[in-house]
Amino acid sequence: MKEANYSLKEIEEHLYVAVISDALDALGYPNQSPEGDFSIQVGKSRLAGRCKTTLWSDMYHKDPNPYELELKAVDDCMPGDIFIAAAAGSTRSGIWGELLSTAAKNRGCVGALVDGCIRDIAKIRDMGFTVFAKGKRVYDSQNRQRVVGIDVPVEIGGVRFCSGDLVVCDEDGVVVVPQKVERLVLSNAMQKVHAENVSREAIKKGMKATEVYKKYGIL
């Protein structure tokens, strides 16, 4: 199929994590959805954007420059970015909250994916910002966790995320698409969505699932 460019809005409206994962599977990328449950979901049920990666570390001493790199990372966000907080699932503090959401939203960031905990959930929801996170914790990050790297490759649930990669989140999970195969993956995923729609209508009209699969090769 001919490769095509799709906007983030088109991706968010027409695609979803499972079909993108299937398209990646077919191209030999079977490990693009991180393990673990992003059970805390605030805002939209589906989110698509570009990775803005940050690497976080737990700490156990007084921080001489609290929030320094996390604020820089937020200020560096571009429209369409999703702030990626790779904190190794730590529950030491709520590293993302209302003020970071406000600052990120003002920069055009469309959401955050937090491999760790967040807080201020009601306030984030009220402002219409979207966050997918592993958990929640009331503690502030100061002297507990901090950013140690910006725009570096990070790993979440066994999957590599790089700044600029496409990431899509929904109720099924998360999938990240390497830039070098993005256009082909999206084209194939769009084709599969169309084929699924045809198969669904055939089943609704009474065709048996076995017959549908033989005819269309999609189920």
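The values are calculated or read from the model by the stated rules, or taken from the named source; none is laboratory data. Keep in mind that what you see is a predicted model, and the values were worked out from it rather than measured. Every residue, glycine among them, receives a Cβ derived from its backbone with ideal geometry; neighbour counts consider all protein chains shown. Only protein heavy atoms, including side chains, enter the accessible area calculation; ligands, DNA and RNA are left aside. Shrake-Rupley method; radii C 1.70, N 1.55, O 1.52, S 1.80 Å.
Points to keep in mind about this one:
- Based on Cα contacts under 8 Å between residues 6+ apart, the chain shows a relative contact order of 30 percent.
- Accessible solvent surface per residue of region 95-169, calculated while the other protein chains remain in place, 1.4 angstrom probe, Å²: 41 Å²
- Among the listed values [x] 1.13; [y] 0.96; [z] 1.04, the one matching Rg/Rh (Cα atoms, Kirkwood Rh) as calculated from this structure is [z].
- Annotation for region 144-166 versus region 86-129: alpha-carbon center distance of 15 Å.
- Unmatched cysteines, the chain - criterion: no other Cβ of a Cys under 4.7 angstrom: 51, 117, 162, 169
- Stretch in the chain that is longest and holds no GluC sites (Glu not before Pro) that DSSP places in a loop and that have at most 12 other beta carbons within 10 Å: 36-170
- The angle between the Cα long axis of helix 182-204 and the main principal axis of the chain comes to about 50°, on a 0 to 90 degree scale.
- Averaged over its residues, region 23-93 has an accessible area of 49 Å² per residue, based on protein heavy atoms and a 1.4 Å probe.
- Within the chain, helix-based [θ] at 222 nm, where runs of 4 or more DSSP H residues each add -39,500 (n - 2.57), nearest 500: -9500 deg cm²/dmol
- Charges were assigned to the Cβ only: +1 to each Lys and Arg, -1 to each Asp and Glu. The resulting dipole of the chain about its Cα centre is roughly 420 debye.
- Among beta bridges identified by DSSP and lying wholly in the chain, the antiparallel ones come to about 50 percent.
- Annotation note: chymotrypsin sites (Phe, Trp or Tyr not before Pro) in region 20-129 located in DSSP loop regions with a Cβ neighbour count of at most 10 within 10 Å are 60.
- Between helix 17-26 and the chain: long-axis angle, C-alpha atoms, 0 to 90°, nearest 10: 70 degrees
- For region 63-174, with all protein chains in place and a probe radius of 1.4 Å, 48% of the accessible heavy-atom surface sits on carbon or sulfur.
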